[in-house]
Each structure stands twice: as structure tokens, then as C-alpha cells.
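Read through the structure below, which is laid out as C-alpha cells, and then see the notes.
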């Protein structure tokens, strides 16, 4: 049985963006019960043309919070995003049982969860662990189950 053991979230704050607003967009992706435990790591890098990019990252390792976050995000997706997610899900799970979502950063700032259609996104990585080996089909089943329960 696969267990969700870690969630990593990462976004870039460009030189034209207010980093605190990007942090707020990230926080909006978590259930309220999890938000208070979130802390951010910041690191800087330089873009191709020399302007500053701030990388904002956070991780959750508490299994209960990881599961609550996954459920919160999947339930918040629109019906069309859920359909697209299920059609593209096999490309979102790698051979190490990591499931990836890319959420629209501007919509997240407004409190909405939408799959990203541009490079202005928040990257989310869900790490599953299975002591008997990775089975992507099991992860697909878990995600599908959560979305079907949300529709009921």
C-alpha cells in the first residue's frame, strides 16, 4: 500500500512580484487547519537576463497534513480540470511514485485552485512511499478515488 509521506511546494517570485503575495498564493492551496504550520524557505537565483528570481519553497512531512492537502486540492478543482487531470495523470506520476500538479499562481492568490496553463505556476510534488515498490496504477487509483468521493 502506498502512503503519502511528503508534499513539496515551490514557486518563483519574479522581480516584478511581491514575494509575500506569492507566499499568500501558496498558503491558499492548503486547508486552513494546515496553514498555520507552514514555513517558507527562500533562495535567490538570477534569470537569463540578469534579473532576480526568488524561489519560495515549503514542505509538509506530517502524513495527516499531506493527505488533507491532497484532498483539499483535488476537491477544489473544477470538473473540467478534474477531467483533464485524469486524462493526463499517467504523465504526472514518475517511476519513483511522485505525483505532480502545477497550479495557476494568479488564481491561487485569488483563492481558486486551477491547473496551470502557463509558466506562471506553483509546482506541487506529492511523494508516495511503498515498501514493496512503486506502482503508478495504485497512485492513479488513490487520486481517482478522492475525486469521485468529492463528487458524491
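Annotations
- Max mean-square fluctuation residue, GNM over the chain, Cα-Cα springs under 10 Å, options 55, 38, 139: 38
- Inter-site label distance for residue 138 and residue 63 at 7 Å from Cα along Cβ, in nm: 1.3
- Neighbour counts of other Cβ atoms within 10 Å put 115, 14, 101 in the fewest-to-most order 14, 115, 101.
- Most mobile of 109, 91, 128 in a GNM of the chain (Cα contacts under 10 Å): 91
- Annotation: the residues 147, 121, sorted from fewest to most other C-beta atoms within 10 Å of their own C-beta, follow the order 147, 121.
- Here the chain was treated as a single set of alpha-carbon atoms; its pair distances binned every 10 Å from 0 give 11, 40, 35, 13, 1, 0 percent.
- Among 49, 148, the order by Cβ neighbours within 10 angstrom, fewest to most, reads 49, 148.
- Among 84, 40, 30, the largest mean-square fluctuation in a Gaussian network model of the chain (Cα springs under 10 Å) belongs to 84.
- Potential lengthening of the chain between residue 89 and residue 110 amounts to 5.0 nm, from the contour at 0.36 nm per residue minus the alpha-carbon distance.
- Computed over the chain: relative contact order in percent, which uses C-alpha pairs under 8 Å that are six or more apart: 33
- Anisotropy class of region 32-89 from Cα gyration tensor, a/c 1.5 cut: oblate
Where a number appears in this text, it was derived from the coordinates with a stated rule and is not lab data. Computed from a predicted structure; not experimentally measured. Note that we place each Cβ from the backbone using ideal geometry, even for glycine, and neighbour counts take in every protein chain shown.
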